[in-house]
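The values are calculated or read from the model by the stated rules, or taken from the named source; none is laboratory data. Everything quoted here is computed from the prediction, not taken from an experiment. Every residue, glycine as well, gets a Cβ built from its backbone with ideal geometry; the counts of neighbours run over all protein chains shown.
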Amino acid sequence: MIPELGHFALLLALGMALLQGTLPLAGAWRGHPRWMALAHGAALGQGLFVTLGFAALLQAFAANDFSVSYVAANSNSHLPLAFRLCSLWGGHEGSILLWIQMLALWTVAVALFSRQLPREMAARVLAVMGLVSVGFLCFLLFTSNPFERTLPAPPDGRDLNPLLQDWGMVSHPPILYMGYVGFSVAFAFAIAALIGGRLDAAWARWTRPWTLLAWAFLTVGIYLGSSWAYYELGWGGWWFWDAVENASFMPWLLGTALIHSLAVTEKRGTFKNWTALLAILAFSLSLLGTFLVRSGVLTSVHAFASDPRRGLYILAFLGVAIGGALALYAWRAPSVGLGGRFAVFSRESLLLLNNVILAATAGTVLLGTLYPLALDAWGLGKISVGPPYFEAVFVPLMVPLLLLAAVGPLVSWKEASWRGVLRRLRWVALGALACAAALLLALQASWMVALGVALAAWLLLGTAAEAIKHLRHHRAGLPLSWWGMVVAHAGVAVFVLGVTLVKGLETAGDHSLRVGQGATLGDYRFDFVALTREQGPNYVAARARFEVSRNGRPVATLHPEKRFYVVQQMPMTEAAIDRGVFRDLYVSLNEAIKASPQAASPPPPEGVEPARDGPSPAQEGAWVVRLQHKPFIGWVWAGALLIALGGTLAAADRRYRAPRRTEAAASSIPLVPLKVS
Amino acid sequence: MKARHKRLVLLAAALAALALATALVLQAFRKNLVFFFTPSQVAAGEAPRQRAFRIGGLVEAGSLARGADGLTVSFVVTDTAQRLPVRYRGALPDLFKEGKGVVAQGRIGADRVFQAEEVLAKHDENYMPPDAAYALKKAQAGGAR
């Protein structure tokens, strides 16, 4: 009964979204205040019904209702409750529902906080978001209904892919989608402003906090995915330039460009067209990412769906949404006007360069992601574009961007003097060069490490110089948006330092070890002390104990596991990590090998055979063990979190929250008329 | 400086950045594209001798053997038409299994054994790497002709 109610709630939500997407738009065009006022109520109603539908599906997972095909395909009664609930987004249908739920949350937030907007603007923004929601709700209801029943119900579910049975699965998808979908707000504001023909500083100020918040969510989402891959996939990598990762990284790059260009539009009234275009493109890449991950054109951990009908629908939806938005842009943008003038050396031009570099980077990532798919689709051969391509392109593009990031905040708007800036940056440059020289000469580091550390030092010192300059002059209350910038730029520096050091100095070794044996990696000695058999809720595991010591002194005890998930018949490496501020020690138990090498009948490659009784088979033989030393990996995570914190601080700036009396007066009539005769 | 000049300078800077990006992309593309070949294509000598490429197919049942060091493994990748011996040193992925699909990246050695630098297997029990499935389909189509 409850699944049917959920289905019905989603149908009602579709009705509400249709209402929200059409009448207010017509009202804004024809000047009907009542039609426009509908947007607010319809948005809240849509949010309510989507949430009811979402809750109904959650309930089906919690109650193990395997008559719902989607629950049976993605969950299992032995799965712990938290993982059963997050199995909701373990497959295609639920992920789309999660997308819609996130869109509903943003829509409700916009409806609640749009009271100081002019009536037409609020109506148009909510209408555009309603139309996006219509597209996704139709997709869900007509091609991928999560409430479909199978009768009679299977006795138990097929279980969630073991790789996904982790706390990362609870947090990563919702936060990432929060970011992805959040760009729909910037998109809706851009479309609404283009329809109204008013791209101005006020529009930029309204858009900024939403964009910053979405961007911060996206940053945290990418961080969660990356750190999850680091400990869960079992081989210690954290960024693979995999198409799914790129799908989230491209909107992030354009989102980063957008928050910078929005600053110019708000402060100086310049770059209006470009900002609107970026807002459209950032959301288009979010849609494209959804298409790439959800249509089954990619096949990796994340792509569970392969139904051409769905792919065609998303492709058509992409065409209408992106094509329509760009057509509107081409039609309306030229009439918007140019804005303030600025000199060649000014903060505006530096931010323009920032935007060009970020957009070019997003373009190169897009090319590397889509080119193999296009070749394959047209039957021109099968190729793969791996990390070497992305690294070869990404690093040289990031070097000038990092150089600029330290300079930009020190340069004044409109027109700046070379001399003043150079004088301020003298010590910063000297510090960065000293770091590089010390690394090259004293520590014999490689050129890449020296370059990375020097860039990080340059950005950190430059940001510090900016901070000192401002703190000295404005003792009383610097705006939060300024603090956000400082924290985010410092975060980038910390991130660059972490990436450089972990990439340049990490070491790893594969060893074949028996209980009682040990191996060394650098200064560390890893002793394989014991192996036990463990019974988990839905798996059996071989659990090893490694004592790690450094120069005879004990450092850590690690328990890597090899699990075998019974329902899906799938082995899994569960690595053990000793985390530290300056290094992680990483041990993974890869596979058990039989005592006699080159046996006539080759050994089974997976670690644990659950059917066998008695002592674990591996106690007779050895295990392939991978030992890794990862210096400064924690700094990568800390940097990413600082970047997100910076975005959140900037979004919380007072000037976005305080309703401006002057503008409320200018828009003359508040959204909800107070005087009712 | 006149407004027109300023715009020109900015335009030139933007174009220079784009040109740099394009040059990098083309250079990186030429160097780093990894092509895919089926065991039949490798047997026919179509695969490059000097650069790395990818192969895919099924791990032949009973072909997996391990060296005395416990780390070096050898196995045979087949597309049902041709067989290609592969050598690899290191840990195999969790889902590597005889009789199942696999994709490997590496170079062909002088002894005509494929020296793998990376072995990729599928992500769940029912899923076949698309490249491996392609190799099988192609070999079957070739056999039917």
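Looking only at region A:325-384, count how many residues are touching a strand residue (DSSP E or B) at 6+ places or on another chain (Cβ under 9 Å) and polar (S, T, N, Q).
2
Does A:GLY379 satisfy the condition of being assigned to a loop (DSSP other than H, G, I, E, B) and more than 30 Å from A:LYS267 (Cα to Cα)?
yes
For residues that are away from chain B (no Cβ under 14 Å) and part of a loop (DSSP other than H, G, I, E, B), scanning just region A:161-213, find the one that is surrounded by the most Cβ atoms within 10 Å (Cβ to Cβ).
A:LEU199
Please work out which one of (1) among the aliphatic types (A, V, I, L, M); (2) more than 9 Å from every other protein chain (Cβ to nearest Cβ); (3) crowded, with 17+ Cβ neighbours inside 10 Å is the condition B:LEU10 fails and give its number.
Exception for B:LEU10: condition (2).
Please determine whether any residue of region A:334-343 is assigned to a helix (DSSP H, G or I) and at pLDDT below 85.
Yes, there is a match, as at least one residue in region A:334-343 is assigned to a helix (DSSP H, G or I) and at pLDDT below 85.
Please find, within region A:363-407, the residue that is nearest to B:ALA17 (Cα to Cα) out of those that are among the hydroxyl-bearing types (Ser, Thr, Tyr) and within 22 Å of the chain's Cα centre (by Cα).
Across region A:363-407, the extreme among qualifying residues is A:THR364.
Return the residue satisfying two criteria in turn: it lies in region B:27-45 and is touching a helix residue (DSSP H, G or I) at 6+ places or on another chain (Cβ under 7 Å) and not in a helix (DSSP H, G or I), and of such residues it is farthest from the other protein chains (Cβ to nearest Cβ).
Per the criteria, the residue is B:THR38.
How many residues are surrounded by fewer than 16 Cβ atoms within 10 Å (Cβ to Cβ) and hydrophobic (A, V, I, L, M, F, W, C) when one looks only at region B:62-112?
Total meeting the criteria: 2.
With B:LEU120, B:LEU24, B:LEU95, B:LEU84 as the choices, which residue is within 12 Å of another protein chain (Cβ to nearest Cβ), part of a strand (DSSP E or B) and farther than 30 Å from A:LYS414 by Cβ?
B:LEU120
If you check every pair at least six apart or on different chains, which have Cβ atoms under 9 Å apart with a residue in region B:41-57 that is at positive phi first and a residue that is in a loop (DSSP other than H, G, I, E, B) and buried (at least 21 other Cβ atoms within 10 Å of the Cβ) second?
Hits for this filter: B:GLY57/B:THR38; B:GLY57/B:ASP79.
Answer with yes or no whether A:ALA437 is on the phi < 0 side of the Ramachandran plot and not assigned by TED's automatic domain parsing to the domain that holds A:LEU353.
It is true that A:ALA437 is on the phi < 0 side of the Ramachandran plot and not assigned by TED's automatic domain parsing to the domain that holds A:LEU353.
Please verify whether region B:4-26 includes one or more residues that are within 21 Å of the chain's Cα centre (by Cα), under 30 Å from A:ASN355 (Cα atoms) and not assigned by TED's automatic domain parsing to the domain that holds B:ALA110.
Looking for residues that are within 21 Å of the chain's Cα centre (by Cα), under 30 Å from A:ASN355 (Cα atoms) and not assigned by TED's automatic domain parsing to the domain that holds B:ALA110, one finds at least one in region B:4-26, hence yes.
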